[in-house]
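Visitor: Quick one: this structure, given as structure tokens, is what I'll be asking you about.
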Amino acid sequence: MTKINLNISLLFFPIFFSCTNNSGTATRPEVNVSQQKTPADSSKKNKGTDFKYDLKNPNHTWRLPEQLVEVSGNTWIDANHLILIEDLNPNLYFVKIDDKSVTLQKTIPFAQTDKDKIDIEDVTYVDNTVYALWSHGVLFKITDWQGSPKVDKINTGLSKENNTEGLCYDPISKQLLIACKDDAGIPDDKKSAKAVYGFDINKQQLITPPFMVIHKKDFEALTGDKLSFNPSAIAVHPITHDIYILTTRDNKGMAVFSHEGVLKSYQTIEKELMPQPEGICFSPEGKLYISSEGKKGEAGNLFEFDQ
């Protein structure tokens with residue numbers, strides 16, 4: 001297309017403004033997930049940008065209740081409440097936060113553990129429904145969680161080899177995003193590649209190919225260091241729609257990708273502050289919450305960061 005034709009076509013292209021929240025409403029046009037042909041690729045372009053949060057200096061730090069030693073995920077409910085989960089027990093922990101403390105208000109069991117250990121890794125909240133993620137690629141859909149919970153167990157098609165550890169809702173594509181810590185499920189790609197898959201809530205099925213592919217080489221190009229990246233949590237920023245992903249295995253840090261999957265920045269996390277950061281969520285105005293396991297068997301901590 002010539003430059004003249006491109007300019008003419010732009011004159012007739014409608015301009016949209018978007019405003020989203022975790023209830024799933026959006027004025028931006030929907031992404032037609034059924035027509036998604038190729039995954040977003042972090043190797044398209046690398047551009048370092050200023051990180052919006054100072055991960056060394058939280059504006060609030062809370063010690064979590066004693067039930068949350070191995071806290072592994074969190075999700076924002078309202079200005080005073082979050083739901084958290086932990087690895088060993090399939091419970092939702094509904095907590096209230098204020099300037100001084102975190103108070104456990106309700107414990108909500110959602111699965112049995114008589115036969116198999118269920119390693120619950122992340123949680124997200126969509127339209128008053130809670131989704132919890134098992135590391136073996138299974139979702140638990142929990143409705144009426146404040147009254148008499150109804151639980152549906154959904155096999156996504158992912159497995160323990162993928163080691164599914166990150167879960168969030170994307171208000172732009174209106175699908176869940178599932179981050180794999182280990183096997184990306186991409187036959188021709190390198191073992192170091194990691195994948196984020198979309199999951200269609202209405203059809204209750206995994207969307208392939210992956211929503212986003214993460215490459216180790218992009219971190220070296222951006223930071224100058226050879227960093228391993230193994231996703232442990234994921235969240236979509238409510239205003240910029242950038243995708244934030246934690247890594248905790250070999251090094252601890254947070255990467256920011258554009259919604260198209262381009263690596264924008266990476267910031268390390270100090271182990272002394274967060275020994276095992278595995279949960280991340282945002283409030284609608286962009287406050288960042290990170291939960292981390294505690295030290296030496298102590299209860300974990302919740303951190304709040306403002307831009």
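Values quoted throughout were computed directly from the atomic coordinates according to the rules given, and no laboratory measurement underlies them. If you're wondering where the values come from, they're calculated on a predicted model, not measured in any experiment. Neighbour counts run over all protein chains shown; Cβ positions are idealised from the backbone, glycine included.
Visitor: In sequence order, what are the phi-derived ³J(HN,Hα) couplings for region 200-212 according to the Karplus relation 6.51 cos²θ - 1.76 cosθ + 1.60 with θ = phi - 60°, rounded to whole Hz, with x for glycine and proline?
Guide: With coefficients 6.51, -1.76 and 1.60, one gets 6, 5, 5, 7, 6, 8, 6, 9, 10, x, x, 5, 7 Hz.
Visitor: So what's the projected area for region 267-307, the Cα convex hull averaged over all directions, in nm²?
Guide: 3.1
Visitor: For a quick check: with amide H placed at 1.01 Å from N, whose amide H comes under 5 Å from Phe211's, ignoring anything fewer than 5 positions away on the same chain?
Guide: So Phe211 has HN proximity to Val196, Tyr197, Gly198.
Visitor: Could you tally the net charge around Gly297, taking each other residue with its Cβ under 11 Å from the Cβ of Gly297, Lys/Arg +1 and Asp/Glu -1?
Guide: -2
Visitor: Among the trypsin sites (Lys or Arg not before Pro) within region 200-251, which fall in a DSSP loop and have no more than 15 other Cβ atoms within 10 Å of their own Cβ?
Guide: Lys203, Lys226, Arg249
Visitor: Here is a further query. Under the 0.36 nm per residue contour assumption, what length would be gained going from the current alpha-carbon distance of Asp98 and Phe51 to full extension?
Guide: Full-extension gain reported as 14.3 nm.
Visitor: Need the full-extension length gain, Asn80 to Glu285, defined as separation in residues times 0.36 nm minus the C-alpha distance. One decimal, nm.
Guide: This chain segment gains 72.4 nm when fully extended.
Visitor: Then there's this: Under a Cβ-Cβ cut-off of 9 Å, what is the net charge of the residues other than Val256 that fall near it, where Lys and Arg count +1 and Asp and Glu count -1?
Guide: In short, +1.
Visitor: Here's a follow-up. Mind giving me the nanometre distance, one decimal, between the label points for Gln204 and Glu66, set 7 Å out from Cα along Cα→Cβ?
Guide: 3.9
Visitor: Can I ask one more? Put a dot 7 Å past each Cα toward the Cβ at Ile172 and Thr143; how far apart are the dots in nm?
Guide: Placing both labels 7 Å along Cα→Cβ, they lie 2.9 nm apart.
Visitor: Convert 10 °C to kelvin, take the viscosity as 1.306 mPa s, use the Kirkwood radius over C-alpha pairs of region 42-305 as Rh, and evaluate the Stokes-Einstein diffusion coefficient in µm²/s, rounded to a whole number.
Guide: 87
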